[in-house]
Amino acid sequence: MTGILHYLWLIPALPLLAAGILSLTRQPHRRFAATLAIGAMAVAFGLSLLAFFATLHPQGGIEAQHAVRNIPWFEFGATHLRIGWVLDPLTACMLVMVTFVGSLIFIYSVGYMAQDENFTRFFCFLSLFASAMLGLVIANSLLLFFMCWELVGLSSYLLIGFWYHKPSAAAAAKKAFIVTRIGDLGFFLGMLWLYAATGTLLFYDDGKGCLEAAAITKLVAQVTIGGMALSTIISLLIFCGAMGKSGQVPLHVWLPDAMEGPTPVSALIHAATMVAAGVFLVARVYPLMAGDASGASTNSSALTVVTWVGAITAVFAALVAVAQFDIKRILAYSTVSQLGYMMMGIGMGGYAVGMLHLITHAFFKALLFLGAGSVIHACHEEQDIRRMGGLQKHLPVTFATYAVGMMALSGVPLFFSSFWSKDEILHSALSWQPSRGPFYFGIAGAFLTAFYMTRQVWYVFFARKEPHISVPTAHASHPVPVEPHESPSIMTVPLIILAACAVLLSIIATPVWPWFHAYLSGHLEHLQVSFAISSQVLLTMLLSTCIVTAGISLAWWLYAVKPAQKGEEADALEKLQPDVFSLLRDKFLIDEIYEATAVRLNAVCARVSDWLDQFLWGGLIQAVSFLVLGLSWLNRLLDEFVVNLGFDKGCGSLRTSASILSHFQNGQVQRYLKVIGLAMSILALIFIWGRK
Amino acid sequence: MTPLHYYLIVSALLFAIGFAGALTRRNAILVLIGIELMLNAGNLNFIAFWRYGSHPEHHFTGLMFVIFSIAIAAAEAAVGLALIISIYRHYKTTNLDQVNSMQG
């Protein structure tokens, strides 16, 4: 475990190096750019696998499983700041997931972005993102974590706005940056408070780190504002950051808009990895959240908040997803909803539950996004699902993999990974002491997820009509219909691999062999057949199976069995409940509410500041400048009419007298002699007369 | 023995003639001659005062002055003539009225 530990920094450093080289590469070098970025990612994946195998056999107890390497960064006075990296199961499984999904998406991008003229820049940004994300995963210091966190936000901004000539993309990039910044403010405050309270930002540092027993006990014991424990309030502040990044209600508004970026970006950043960083953050600081250094799950108030926020998000976003028509937006809201599930899982069942869903979700959501990208590619940048239909004939590979993704996301029993991870969340919700609420929220979310995914798949692949795909051509004034086509194999192969993973991952997730749970918590457990067949587990499994079946069949009945619909006709749900549907389609008017409150408040503040700037501060400055102008006029008058005038007068009289005197020196030597003679005679006369 | 004031009168005349010559001549060489006359008037005074002073046979002060003065006059005449020659080379004239480039 120590061998790979020393070289763990290489994992983020390699993509960073690739990004640095690519930023200096000129656009035409496409093959070089793709090879370098994918190569760096593949090597990082290899190193991550090594790190992963090193963590498989932990020696010692719970404390020993965090292998850390801390290095001093800089000193000021007596204190010195240290950063470092940590290798534990949490890091290792994230590393493998990020590098593996990342590599596949990089490869897919080669096909998807083939026509784009800024191909090199795209891979530069992607590598930068991968580097920041991997840095965030291995960080052993909240400060380093925060720095990588912000870098991830930056690369997200750059990639959402990749097609910056589209005003909507530029606006979405700004929105994403600003909304996540609101959460980051809380994160930053929490970090400062944590540093003030414990004097360290290292997570693990041989008993001195802020996530270890001594610091946690101290933080739990201290009471601050409103009778809350210090650990609770710091946890909640840090959770603000996680809410912003992971798109939890009410800071979810940026994530659907982020779909303006290229589809591989949506898959990598806004579905699989970056948005999961918030969940990862909560998992990383879980001992602080739980107020218990051993990482056992408790019912601390911070975790209760996490649970409720997650539960509300899960249902809220699933409801909105039901009424969307943009293929990527449906997936975006589905991502928000699944992130809510993860938060809920962490809050109720410990971080292993949430992380399991994070890992499985990363695979099938990347799969779904890449599949959506393939559909969009095939339909010539059409994203409205109402204008697609019948595509399963044209896109067999995409359809098959998409179906796997859809079934994984919906939680179709037994063979799909999400069934197990979601089931674990529901199971922990069922046994959660404080309330049964999250359990019902989870059930509702699962039902809605199955419903909207079936609806989407029906619209895209089955709707009985010829797709209305058309591209405008230069010669014809009216668009010409074209046949959708399957994507090249460089795009379909990653889809197939991801689909295989979405199925195979279920092996590590079953309650019969809870390997993942045991791996993360550090004690290897053996087959738990008794646990698996306990009545409660069987009950939740049965229940979720029923729910999923109900969701899928309801959607199928509504959309497929009922009379076929024409192209632009109203949605089946819209016919049933037009008011509810329009509310959902407008995303509960959250954007409009923000527009009317926060944005308008901001605009008013800006206007007031502008007014203050123009009249109050501006007037002050004007007054000062007029004063200075007056003084300088006075100065000029003094200079011109007092000093200069006197000087000029003096000079004039000097010149006059000099010109008079200069007549005496006329160069006539004899004239001088005459004067001398005259003077001498006068002198002689004075002497003579004086003698008498 | 001729009284002292005869010598003084001769000397004063000599000085006046030399001075007048130095003032009125336009030719630089003639001006130099006038100056020489004035110098010799002074020399004559030295000699006269020495001869009519007390113990002229013991104290040769006046005589020594005159001997030095003549030597200096010779040197001065040489310098003066050299100046005149170089002025002539420069201005192609020895007329002092035209040599007035030192005027203010």
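The values are calculated or read from the model by the stated rules, or taken from the named source; none is laboratory data. Quick caveat: nothing in here was measured; it's all calculated off a predicted structure. Neighbour counts are summed over all protein chains in view; Cβ atoms, including those assigned to glycine, are modelled from backbone coordinates with ideal geometry.
Residues satisfying the criterion are absent from the range B:11-32 (criterion: over 17 Å from A:Gly677 (Cβ atoms), away from chain A (no Cβ under 14 Å) and either surrounded by 14 or more Cβ atoms within 10 Å (Cβ to Cβ) or in contact (Cβ under 8 Å) with a residue 40 or more places away in the chain (or both)). Can you find a residue that is in a loop (DSSP other than H, G, I, E, B), among the charged types (D, E, K, R) and more than 19 Å from A:Arg671 (Cα to Cα) anywhere in the range B:21-28? There is no residue in the range B:21-28 that is in a loop (DSSP other than H, G, I, E, B), among the charged types (D, E, K, R) and more than 19 Å from A:Arg671 (Cα to Cα). Out of curiosity, is B:Ala41 surrounded by 14 or more Cβ atoms within 10 Å (Cβ to Cβ), at pLDDT 90 or above and within 14 Å of chain A (Cβ to nearest Cβ)? Against the criterion (surrounded by 14 or more Cβ atoms within 10 Å (Cβ to Cβ), at pLDDT 90 or above and within 14 Å of chain A (Cβ to nearest Cβ)), B:Ala41 qualifies. Close Cβ contacts (under 7 Å, 6 or more residues apart or on different chains) running from residues in the range A:662-684 that are at the interface with chain B (Cβ under 10 Å from one of its Cβ atoms) to residues that are small (Gly, Ala, Ser) comprise A:Ser662/B:Gly104; A:Gln665/B:Gly104; A:Gly667/B:Ser101; A:Leu673/B:Ala22. In the set (1) part of a helix (DSSP H, G or I); (2) in contact (Cβ under 8 Å) with a residue 60 or more places away in the chain, A:Met289 fails one condition alone, (2). Yes or no: the range B:70-77 includes at least one residue that is within 14 Å of chain A (Cβ to nearest Cβ) and over 30 Å from B:Tyr6 (Cβ atoms). No, that holds for no residue. Per the listing A:Ile507, A:Ile496, the residue uniquely touching a Ser or Thr at 6+ places or on another chain (Cβ under 9 Å), modelled with pLDDT under 75 and of a type in the set (A, V, I, L, M, F, W, C) is A:Ile507. Are any residues in the range A:425-463 under 28 Å from A:Leu391 (Cα atoms) and either of a type in the set (D, E, K, R) or in contact with a Cys (Cβ under 8 Å, 6 or more places away or on another chain) (or both), and if so, which ones? Residue satisfying the conditions is A:Arg455 alone. Taken over the range A:541-571, the residue count meeting the criterion of being at pLDDT 70 or above and either surrounded by 13 or more Cβ atoms within 10 Å (Cβ to Cβ) or closer than 23 Å to A:Gly445 by Cβ (or both) is 20.
Of everything in the range B:80-104 that is surrounded by 15 or more Cβ atoms within 10 Å (Cβ to Cβ) and part of a loop (DSSP other than H, G, I, E, B), the residue that is nearest to the other protein chains (Cβ to nearest Cβ) is B:Leu96.
In this structure, A:Val309 qualifies as surrounded by fewer than 24 Cβ atoms within 10 Å (Cβ to Cβ), assigned to a helix (DSSP H, G or I) and not polar (S, T, N, Q). Per the conditions (1) part of a loop (DSSP other than H, G, I, E, B); (2) surrounded by 20 or more Cβ atoms within 10 Å (Cβ to Cβ), the sole criterion not satisfied by A:Gly207 is (2).
Residues that are at positive phi and outside any helix (DSSP H, G or I) occur in the range A:294-303; there is at least one. Within the range A:4-63, being modelled with pLDDT of 90 or more, β-branched (Val, Ile, Thr) and surrounded by fewer than 21 Cβ atoms within 10 Å (Cβ to Cβ) holds for A:Ile21, A:Thr35, A:Val43. Counting residues in the range A:325-346 that are of a type in the set (D, E, K, R) and touching an Asp or Glu at 6+ places or on another chain (Cβ under 7 Å) gives one or more. In this structure, is A:Gly667 assigned to a loop (DSSP other than H, G, I, E, B) and over 30 Å from A:Val336 (Cβ atoms)? Yes: the conditions hold for A:Gly667. Residues in the range A:569-625 that are outside any helix (DSSP H, G or I) and touching a helix residue (DSSP H, G or I) at 6+ places or on another chain (Cβ under 7 Å): A:Asp571 alone.
A:Val643 meets each of the listed conditions (1) surrounded by 10 or more Cβ atoms within 10 Å (Cβ to Cβ); (2) within 13 Å of chain B (Cβ to nearest Cβ); (3) of a type in the set (Val, Ile, Thr) apart from (2). Every listed requirement among (1) more than 24 Å from A:Ala518 (Cα to Cα); (2) surrounded by fewer than 20 Cβ atoms within 10 Å (Cβ to Cβ); (3) of a type outside the set (A, V, I, L, M) is met by A:Phe106 save one, (2).
Only one entry in A:Leu134, A:Leu144 is more than 15 Å from A:Asp257 (Cβ to Cβ), buried (at least 23 other Cβ atoms within 10 Å of the Cβ) and touching a residue at least 60 places away in the same chain (Cβ under 8 Å), namely A:Leu134. Residues that are more than 20 Å from B:Val31 (Cβ to Cβ) and out of contact with any helix residue (DSSP H, G or I) (no Cβ under 8 Å at 6 or more places or on another chain) do not occur anywhere in the range B:72-83.
Only one of A:Ile676, A:Ile621, A:Ile682, A:Ile688 is exposed (fewer than 10 other Cβ atoms within 10 Å of the Cβ) and modelled with pLDDT of 90 or more; which? Unique residue meeting the criteria: A:Ile688.
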